[in-house]
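The values are calculated or read from the model by the stated rules, or taken from the named source; none is laboratory data. Since this is a predicted model, take the numbers as computed values, not measurements. Because the Cβ atoms are built from the backbone with ideal geometry, glycine has one as well, and the counts that use them run over all protein chains shown. Note: accessible area is taken over every heavy atom of the protein model, side chains too, but ligands, DNA and RNA are not part of it. Shrake-Rupley method; radii C 1.70, N 1.55, O 1.52, S 1.80 Å.
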Amino acid sequence: MIKTAVFIFLILLDLLTKFLIQNNLFLNQSIQINEYFDLVYVQNFGVSFGLFSGYVSHWILIFIALLVVILIFYLLIKSDKQLEKLAYFFVIIGALSNIIDRLINSYVVDFILLHYDNFYWPAFNLADIYITIGIIMLITSIFIKSKKVK
C-alpha cells in the first residue's frame with residue numbers, strides 16, 4: 001500500500017513539475033535561481049542528453065523504454081535483496097514518468113539546469129533524478145554484495 005502511494009506520488013510530482021514549467025515558462029526560457037542552478041524549459045525529443053533527437057520516432061523510444069521497464073520489473077521480481085528491489089523500483093518510477101510525458105507531448109520536458117562558471121550539465125527533470133538514485137542504489141548494492149563475498 002505504501003509502495004503504491006509512493007509510486008503514484010513520485011510520478012505525479014514529476015508530471016506536475018513538468019506541467020508547471022510548460023505553463024509558466026517559454027520554450028528555452030531560463031530563470032536563474034542561484035549561481036549554480038537555473039530553471040529552464042527544454043523539450044527533449046531524444047533520449048538521455050537529447051541523443052538521437054530528430055532521428056528516432058517518439059513511438060520507437062516509447063516502445064524501447066517499455067521493453068526496458070519490463071526487463072527491470074522482471075529483475076525486481078527476481079531479486080531477493082531489499083536494496084536492489086528499491087533501486088529497481090526508483091528506476092521504474094522514473095522511466096514510466098518519462099514515458100507518460102513522451103506519450104502526452106511526444107517529447108520529455110526537462111527543466112533543471114546545473115552549472116558552474118561556463119560548464120553546464122544538460123537539463124534534466126525529477127524522473128531523471130529518480131532513475132539516478134535507483135542506479136546509485138544498485139551500484140551500492142553490488143559493492144555491498146561483493147564485500148560480503150570476500
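Points to keep in mind about this one:
- Of all the criteria given as (1) more than 23 Å from Leu16 (Cα to Cα); (2) open to solvent by less than 60 Å² (accessible area, probe 1.4 Å); (3) at pLDDT 95 or above; (4) assigned to a helix (DSSP H, G or I), the one not satisfied by Ser141 is (3).
- Positions within the stretch 73-115 being part of a helix (DSSP H, G or I), farther than 25 Å from Thr17 by Cα and in contact (Cβ under 8 Å) with a residue 12 or more places away in the chain, in sequence order: Phe73, Leu75, Leu76, Leu83, Glu84
Residue by residue, here is whether (1) among the aliphatic types (A, V, I, L, M); (2) over 16 Å from the mean Cα position of the chain (by Cα); (3) under 26 Å from Ile33 (Cβ atoms); (4) surrounded by 17 or more Cβ atoms within 10 Å (Cβ to Cβ) holds:
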| site | (1), (2), (3), (4) |
| --- | --- |
| Lys85 | no, yes, no, yes |
| Phe90 | no, no, yes, yes |
| Ala95 | yes, no, no, yes |
| Asn98 | no, no, yes, yes |
| Asp101 | no, no, yes, yes |
| Phe111 | no, no, yes, yes |
| Trp121 | no, no, yes, no |
| Phe124 | no, no, yes, yes |
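- Condition met for Gln22 (open to solvent by less than 90 Å² (accessible area, probe 1.4 Å) and not small (Gly, Ala, Ser)): yes
- Residues satisfying the criterion are present in the stretch 70-81 (criterion: over 23 Å from Leu12 (Cβ atoms), among the charged types (D, E, K, R), open to solvent by 70 Å² or more (accessible area, probe 1.4 Å) and at pLDDT below 95).
- Once the stretch 25-34 is narrowed to residues that are of a type outside the set (Gly, Ala, Ser) and either without any contact (Cβ under 8 Å) to a residue 12 or more places away in the chain or part of a strand (DSSP E or B) (or both), the residue that is surrounded by the most Cβ atoms within 10 Å (Cβ to Cβ) is Ile31.
- Filter pass, Asp117 being out of contact with any Ser or Thr (no Cβ under 6 Å at 6 or more places or on another chain), modelled with pLDDT under 95, farther than 20 Å from Met137 by Cα and of a type in the set (Asp, Glu): yes
- Leu71 fulfils the conditions (1) in contact with an Asp or Glu (Cβ under 7 Å, 6 or more places away or on another chain); (2) closer than 19 Å to Tyr130 by Cα except for a single criterion, (1).
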